[in-house]
Amino acid sequence: MSTLRRLFRGWLAIVLLAGIGPLRAELAEEYELKAAFLYNFALFTHWPGETAEPFTLCLYGPHRFGDALRQLDGKTVHDIPLSLQFPQTAQEARTCQVLFFNPDAVPRAAELLEALRAAPVLTISDHPVAWPMGTMIVLAVDPQRVVFDINTRRARQAGLDFSAKLLRLARTVH
Amino acid sequence: MSRRLPRYLYSLFACASAAAVAGDLTDLPLEELSNTGLATFSPNVEVSTAAKYAQLSAEAPAAVRVVTAQDIKTYGYRTLAEVLRSLPGVYVSHDRNYSYLGVRGFSPPGDYNARVLMLVDGVRFNENIYDSLSLGHDFILDIDLVERVEFMPGPGSALYGNNALFGVVNVITKRGASLDGAELSGDYGGFDTYKARGSFGRRFDNGAELLLSATGFDREGPDRLHFKEFDTPGRNGGNAVGLDFDRYQSAFGKFSLGGLNLESAYISRDKGIPTASFGQAFNDPRSATLDQRGFVAMTYNTQWGPAWDFRARLDYQRYWYDGDYAYPDALNRDVARGEWWGGELQVINTSFEDHRLSFGGEWQDNLQQFQSNRDVGGAVFVDAPYNSVRYGFYGEDQFRLLDELTLIAGARYDYVPLGGSSANPRLGLVWQAREDTTLRLNYGTAFRAPNTFERFYNDPAGNSGYKPNASLNNETVETLELGLQHLLTPATRLGLSVYHYEADGLISQTADADGFLIYRNLDGIKAVGVEADGEHRFKNGVRTRLSYAWQETRDDTGAILTNSPQHMAKFHIDSPLWREGWTLGFDTLYLGSRQGRLDTVDGHVLSSLTLNSRWLENADLSAGVYNLWNAHYADPVGSEFVQNEIFQDGRSFRLKLTLRF
């Protein structure tokens, strides 16, 4: 019986706790957060030469961003209007400044990355399998927040530079 | 009373919905994005223990549990034992020297955690004499240096080989960048407990990371512990005075650059034995154990072309153990010296569409597996030098049959000299039935070879108390498990797992008719169990978790095993407070009654409350109360004790100050 009484006391403490607690929280949906990261990655990356207009942020293949992409409407990157594109083929994907892809959902993702090796395309994914393929930035859920790893060697080959701030906030820098 | 509850609940939900979620996230500075918590449960959590490489939780063959550094801080966990016992279906017993993990209803007293495999940053960590893993203050890492703990319940031998019978624990350490500067931390707690830690961590411009840390810990323990079993004249009224001390010094260093990772760790831990175990003289201050572990590991990860991921590891480890056991006529010294090095090569291939193949080989050269037992200046009872080499090969394919259906097929062959060879398959189906529902069906076997202690800690005449058994064999377990993960709402997760396993030839200590102890492949056991858990994240940042586990683990005679609770329930809630760095965490763990060696050990409820506060930008103060209701509870112990159960600590507190520079 005392066990039950203790459990009930615990419960009461909790309910009170949940009632008074909650005053500071920065929370977001996973893909809203990931979309905001995508945009920030573009802001904190430097492309070689003149950036083409508009600035193309591409999502290649099926993705789960849904309504979260609305945040990117009307945004600019380095003063150039941002344009969201949804390439259907690997050929189209090569013309993007930022390319987000799911390696499990597009055919021959590894070959695409190989082909893009020297092209100034910032490659991003949120699947760990994309990392060994040579993707420049890979997002991960950790599981309470979103973190990212950066492959600077691959970026350098493509002529891309990341700001110190981006490198500082990365989980790992390779 | 019950009629009033809904009103509390109402205010709870009203409050929860009042808090606003951030508007346009793209306007937030990058730092804040990195600090923004997820309002919903993600099927995309990165886990690396189920397949030996990083993958998404929804794709993993097993439902891997993750505890993060943030959880450790929020709930004020002081040891790995406290981290693990927060998980559904996991319990920990303590005999006032070591901590023992119970998984799936299995934790027979007298067993040294040889049936769960522990990895530190992916490197096998069980030592090579008892195959034990350490969970308490004898664990090699200060818990503050742990980035996350992954736990995969169920058989793991198809990937990990020996010892991965009931689960795999993978402790992942922090990196230099996680500290980003120097840290000094000091804490003071009940039972005269002091801990001090100094750490430094940094990431350099080239991406290289360095972390260095050292910790000193000293717990004097209760002034006196009363054992009614020894409350007879001439035994100090059954009071053991000042014998529950626990002290350790530990150090950790880690360097990483690109795919290369080097790390080293060391611990030396002294523990007094207040329980007069192994028939010792009661309240004798000479009774104590010393455990030391040393660990150096190098891991390397590189890619060959776009489809080949290659991993290599090399490690060297040592284990020292000195036990002083006090008897009226002699001081008995028990010694174990383990030294080994090992390596592993693994390739992961993604050339074939819809297939993820991984192959590997692992070996371990046990340079030393020495045991001795003697009276100081007197008779030698055990003198058993030994060395051995063991190895294993494994392969696994994760084959996407359909977009939403993945087949996992893998197997591993192992050779361990003391048990011979063993082959263990794993077959699994992961079905993403709906966007919000994942089903898993897993079949697998696992094994454990007799360890050096079970095989060689004896003498033919039985003077050590133990007699040899040259025909000791591998023990095996065969498991079938069905798992369900469902998102009731994006912020409400439900999990259910139903398992059945049969263990065969479990290596058990038995007493022969002549009174000598001998290890035999004895019991078969059959177990069924259910683990259910639910989690909710409120919009205001409050997170709650509730879990319940039911298990029935029976031996050949149909009796429930000792130290096997049938019921376990756990409740966790934490909340951010008004300012950044302020959190409140509360947990309640219920463990049902367990069968002890002689008598039933009562169930108990333990709660703890932890407040984290940040008074200054670079100073965190944490205050915690443990065993909040001051429950008088005990854990069952084995036949090396006179006692049926060993009582545990009552209410205590901890204050911890951490400064960052």
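Reported count of residues in the range B:317-358, each being closer than 30 Å to B:Trp304 by Cβ, of a type outside the set (A, V, I, L, M) and modelled with pLDDT of 95 or more, is 8. Somewhere in the range B:606-619, is a residue within 10 Å of another protein chain (Cβ to nearest Cβ), within 18 Å of B:Asp187 (Cβ to Cβ), in a strand (DSSP E or B) and not basic (Lys, Arg)? Yes; the residues of the range B:606-619 include at least one that is within 10 Å of another protein chain (Cβ to nearest Cβ), within 18 Å of B:Asp187 (Cβ to Cβ), in a strand (DSSP E or B) and not basic (Lys, Arg).
Residues that are of a type in the set (Phe, Trp, Tyr) and farther than 30 Å from A:Arg154 by Cα: find the strands (runs of 3 or more DSSP E) completely inside the range B:265-357 holding 2 or more of those. Per the criteria, B:308-327, B:330-349.
Out of all the residues in the range B:163-178, which are over 30 Å from B:His500 (Cα atoms) and either in a strand (DSSP E or B) or within 24 Å of the chain's Cα centre (by Cα) (or both)? Result: B:Thr173, B:Lys174, B:Arg175, B:Gly176, B:Ser178. For the range B:452-476, taking the residues that are hydroxyl-bearing (Ser, Thr, Tyr) and within 18 Å of B:Pro385 (Cα to Cα), the one that is modelled with the lowest pLDDT is identified as B:Ser464.
Taking residues in the range A:53-69 that are without any contact (Cβ under 8 Å) to a residue 60 or more places away in the chain, and partners anywhere that are assigned to a helix (DSSP H, G or I) and among the acidic types (Asp, Glu), the pairs with Cβ atoms closer than 6 Å and at least 6 places apart or on different chains are A:Ala68/A:Glu32. The set of residues in the range A:76-88 that are in a loop (DSSP other than H, G, I, E, B) and either modelled with pLDDT under 90 or within 15 Å of A:Leu122 (Cα to Cα) (or both) comprises A:His78, A:Asp79, A:Pro87, A:Gln88.
Condition check for B:Asn563 on (1) within 13 Å of chain A (Cβ to nearest Cβ); (2) touching a residue at least 60 places away in the same chain (Cβ under 8 Å): one failure, at (1). Scan the range A:139-168 for residues that are facing chain B (nearest Cβ under 9 Å), among the aliphatic types (A, V, I, L, M) and crowded, with 19+ Cβ neighbours inside 10 Å and the total you get is 6.
Could you list all residues from the range A:23-50 that are out of contact with any Pro (no Cβ under 9 Å at 6 or more places or on another chain), in a loop (DSSP other than H, G, I, E, B) and more than 12 Å from chain B (Cβ to nearest Cβ)? Passing the criteria: only A:Glu50.
Okay, residues lined up against (1) in a loop (DSSP other than H, G, I, E, B); (2) more than 10 Å from every other protein chain (Cβ to nearest Cβ); (3) of a type in the set (D, E, K, R):
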| residue | (1), (2), (3) |
| --- | --- |
| B:Glu32 | no, no, yes |
| B:Ser42 | yes, no, no |
| B:Ala50 | yes, yes, no |
| B:Ala58 | yes, yes, no |
| B:Ser86 | yes, yes, no |
| B:Arg115 | yes, yes, yes |
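List, please: which pairs have Cβ atoms under 8 Å, are six or more places apart or on different chains, and start with a residue in the range B:175-188 that is within 11 Å of B:Asp144 (Cβ to Cβ) and more than 9 Å from chain A (Cβ to nearest Cβ) and end with one that is surrounded by 15 or more Cβ atoms within 10 Å (Cβ to Cβ) and of a type in the set (Asp, Glu)? Matching pairs, first to second residue: B:Ser185/B:Asp144.
Test B:Val430 against the criterion of being within 25 Å of the chain's Cα centre (by Cα), surrounded by 15 or more Cβ atoms within 10 Å (Cβ to Cβ) and among the aliphatic types (A, V, I, L, M), and give yes or no.
No; evaluated as a whole, the condition is false for this residue.
One residue stands out among those in the range B:587-613 that are more than 26 Å from B:Pro109 (Cα to Cα) and free of Cβ contacts under 8 Å to residues at least 40 places away in the same chain: the one that is surrounded by the fewest Cβ atoms within 10 Å (Cβ to Cβ), which is B:Ser613.
Residue-by-condition table, conditions (1) surrounded by fewer than 16 Cβ atoms within 10 Å (Cβ to Cβ); (2) more than 18 Å from A:Thr123 (Cα to Cα); (3) more than 16 Å from the chain's Cα centre (by Cα):
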site	(1), (2), (3)
A:Pro48	yes, no, yes
A:Tyr60	no, no, no
A:Gly74	yes, yes, yes
A:Ala90	no, no, yes
A:Leu99	no, no, no
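Against the conditions (1) out of contact with any Lys or Arg (no Cβ under 8 Å at 6 or more places or on another chain); (2) more than 14 Å from chain A (Cβ to nearest Cβ); (3) surrounded by 17 or more Cβ atoms within 10 Å (Cβ to Cβ); (4) in a strand (DSSP E or B), B:Ile518 satisfies every one except (1). Scanning the range A:126-138 for residues that are at the interface with chain B (Cβ under 7 Å from one of its Cβ atoms) and over 29 Å from B:Glu535 (Cβ atoms) gives A:Pro132, A:Met133, A:Gly134.
As for the range A:144-158, it holds no residue that is part of a helix (DSSP H, G or I) and either over 25 Å from B:Leu260 (Cβ atoms) or under 13 Å from the mean Cα position of the chain (by Cα) (or both). Being within 14 Å of chain A (Cβ to nearest Cβ) and within 18 Å of B:Ala63 (Cα to Cα) holds for only one residue in B:Val430, B:Val498, and it is B:Val430.
Hey, can you tell me all the residues within the range B:233-261 that are part of a strand (DSSP E or B), more than 14 Å from chain A (Cβ to nearest Cβ), surrounded by 15 or more Cβ atoms within 10 Å (Cβ to Cβ) and not charged (D, E, K, R)? Listed by number, the residues that qualify are B:Asn239, B:Ala240, B:Tyr248, B:Gln249, B:Ser250, B:Ala251, B:Phe252, B:Gly253.
The values are calculated or read from the model by the stated rules, or taken from the named source; none is laboratory data. All values derive from a computational prediction rather than experimental measurement. Quick reminder, even Gly has a Cβ in these numbers, built from the backbone with ideal geometry, and neighbours come from all protein chains shown.
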